[in-house]
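Read the structure below first, then the notes.
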Amino acid sequence: MLYVSRAMFGLAALVLMLLSLGMILQGIYQPFVAFRRSGQEGSMALLSGVGYVIIAIAVFDVAKFLIEEEVLHDREKRMASEARRSLTRFISTIAIAVFLEALVTVFRVSQDRVTEMLYPTLLLVAGTGLILGLGVYQRLSVTVEREVEGMSGSEKAFEEPKRSSNPRAEASADVVAAKSRAG
């Protein structure tokens with residue numbers, strides 16, 4: 001069953017990568033054709049092309065995430081910090097795509113249709129909400145990580161401190177540590 005799951009995630013990632021490539025090609029093709037026609041349509045096509053490339057980057061990053069996390073890793077997340085890092089990277093990619101799309105839409109709409117600024121404004125609010133939610137998640141999960149991973153006997157909690165090869169540096173570090181405990 002594990003191989004079937006990996007194959008499906010791999011296939012989904014491949015399809016997403018191909019769609020991403022198609023969006024990038026569309027983002028290049030649209031402005032090229034519009035500039036041949038010239039006029040105001042060219043600048044709008046350029047902004048539309050930027051939007052396609054931004055979305056393509058986000059889609060490609062989702063595909064890369066699927067490959068790295070679901071296809072190549074042969075185990076579940078053993079530590080909460082691993083899951084937090086993966087989720088942080090994924091949400092950050094989505095937030096960047098939302099912010100860039102909002103920026104492109106602001107430029108596109110602000111030129112002649114100021115009354116339609118609600119959509120890019122809501123995109124900015126959504127991106128800000130994503131970042132704030134990620135910050136709250138990070139703050140709360142760090143406490144849980146310390147409790148769970150500290151109690152489970154993770155290697156990091158029980159590692160011996162690395163010592164310097166310089167005995168004088170070692171002695172002065174011990175003195176500083178003793179003073180900080182005493183004070």
_Note, ³J(HN,Hα) from phi for segment 93-104, Karplus 6.51, -1.76, 1.60, rounded to Hz, x at Gly and Pro_ = 4, 5, 5, 4, 4, 5, 5, 5, 5, 4, 5, 4
_Inter-probe distance in nm under a simple model that places probes 7 Å from Cα toward Cβ, at V33 and L118_ = 3.1 nm
*May I ask for the distance between the Cα centers of segment 100-148 and segment 23-62, given as a whole number of Å?*
23 Å
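What's the local net charge at L140, with K and R +1, D and E -1, over the other residues with C-beta under 14 Å away? Intermediate values should be presented prior to the final figure.
Details: positive: R84, R139, R146; negative: E145, E147.
Around L140, the charge tally is +1.
At most 14 other Cβ atoms within 10 Å and a DSSP loop assignment: could you name the GluC sites (Glu not before Pro) in segment 1-109 that fit? Write out the running numbers ahead of the final one.
Numbers: sites: E41, E68, E69, E70, E76, E82, E101; in loops: E76.
Hits after loop and neighbour filter: E76.
Quote the FRET efficiency, to the nearest 0.05, computed for S110 versus L25 with a Förster distance R0 of 30 Å and r equal to the Cβ-Cβ distance. Intermediate results must be reported in sequence, preceding the final value.
On the way: r = 28 Å, r/R0 = 0.93.
After rounding, the FRET efficiency stands at 0.60.
None of the figures in this text is laboratory data; all of them are computed from the coordinates on show. Since the structure is predicted, the reported quantities are computational estimates derived from the model, not experimental observations. FYI the Cβ positions are ideal-geometry reconstructions off the backbone, even for glycines, and counts take in every protein chain you see.
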